[in-house]
Amino acid sequence: MRVVSLVPSLTEAVAVSAPGVLVGATDWCTHPAGLDVVRVGGTKNPDTGRIAALAPDLVLANEEENRGPDLDALRGAGLEVLVTEVRDVAQAFAELTRVVLACGLRGRPRWLDEAEAAWAAVPPAPRAPAAADRPRAVVPVWRRPWMVLGRDTFAGDVLARLGVDNAYAAHPDRYPRVPVEELRAVRPDLVVLPDEPYRFTADDGPEAFPGTPCALVDGRHLTWYGPSLATAPRVLGAALRAAAG
């Protein structure tokens, strides 16, 4: 098999499950460290000509991270494109299984079983926000302009399962643009600030929400579906509990 991945989390999943299968990945594919493959541009602007020149048997993509016109161009070049859709934790495990099997594995890798076991110990997300014992959070994913998690997102389900309700879970958009003044007016119990796709830091983000606890979290544990799922409940859960008090 020769595989090109246009999704950082899938790149990591395939690289650790089937070493040597990947021949190309995006510039944003940072894990595993030292991955030595041809870089084919960004997730939103891949070099379709370079990808075609690699003659992959399969291109891995995601309906949220990659653009339809780019995927159509790859199909037009005669390439097979597998497009994943991940809106919650359960769907992540199903799609990861589909991906690794499509890449030639005969069974599920150990890390995938370990990740599923780790999440099996976490209660399912409630169908509706629970009572006052659950903190309500604003979760920015970008700044200039401010964008937050809205409805029907994988990261939102991760947080809900870890006991944190998304203040914008009922918004009609999945990633609404919301002025920071409105975000403050929501009066959240917690602001969750990941380090990707926008790199929020202690000096860039918390100052916009004076008086509100902020959790600076590893975006890989919040938004990636791959080997990081095995440690996400423990690492992300600890960060959220520490910030919420």
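The values are calculated or read from the model by the stated rules, or taken from the named source; none is laboratory data. From a predicted model like this one, the values you see are computed outputs, not experimental measurements. Using ideal geometry, Cβ is built from the backbone for each residue, glycine included, and neighbour counts are taken over all protein chains shown.
Screening V122 on (1) surrounded by fewer than 18 Cβ atoms within 10 Å (Cβ to Cβ); (2) at pLDDT 95 or above; (3) among the aliphatic types (A, V, I, L, M) shows it passes everything except condition (2). When you scan the range 184-194, do you find a residue that is touching a Leu at 6+ places or on another chain (Cβ under 8 Å) and of a type in the set (G, A, S), even just one? No. In the range 213-230, what count of residues is obtained for those that are buried (at least 23 other Cβ atoms within 10 Å of the Cβ) and in a loop (DSSP other than H, G, I, E, B)? Residues meeting the conditions: 3. Among the criteria (1) surrounded by 20 or more Cβ atoms within 10 Å (Cβ to Cβ); (2) closer than 30 Å to L236 by Cα, the one P56 does not fulfil is (2).
When restricted to residues that are charged (D, E, K, R), in contact (Cβ under 8 Å) with a residue 12 or more places away in the chain and part of a loop (DSSP other than H, G, I, E, B), the range 41-98 contains 10. For the range 100-110, which residues satisfy the criterion of being over 17 Å from A90 (Cβ atoms) and in a helix (DSSP H, G or I)? Within the range 100-110, L101, A102, R110 qualify. For D157, the conditions (1) assigned to a helix (DSSP H, G or I); (2) surrounded by 15 or more Cβ atoms within 10 Å (Cβ to Cβ); (3) without any contact (Cβ under 8 Å) to a residue 24 or more places away in the chain all hold with the exception of (3).
If you go through the range 99-110 and keep only what is in contact (Cβ under 8 Å) with a residue 24 or more places away in the chain and surrounded by fewer than 19 Cβ atoms within 10 Å (Cβ to Cβ), you end up with A102, G104, L105, P109. Looking across Y168, Y175, one residue alone is touching a Leu at 6+ places or on another chain (Cβ under 8 Å), buried (at least 21 other Cβ atoms within 10 Å of the Cβ) and not assigned by TED's automatic domain parsing to the domain that holds T30. It is Y168.
When every residue of the range 204-211 is checked against the conditions, none turns out to be modelled with pLDDT of 95 or more, under 11 Å from V139 (Cβ atoms) and in contact with a Pro (Cβ under 9 Å, 6 or more places away or on another chain).
Residue count for the range 201-245, restricted to those that are closer than 23 Å to R87 by Cα and in contact with a strand residue (DSSP E or B) (Cβ under 8 Å, 6 or more places away or on another chain): 10.
If you go through the range 197-212 and keep only what is at negative phi, assigned to a loop (DSSP other than H, G, I, E, B) and small (G, A, S), you end up with just A202.
Considering D203, D189, D195, the condition of being under 17 Å from the mean Cα position of the chain (by Cα) and surrounded by fewer than 23 Cβ atoms within 10 Å (Cβ to Cβ) is satisfied by D195 alone.
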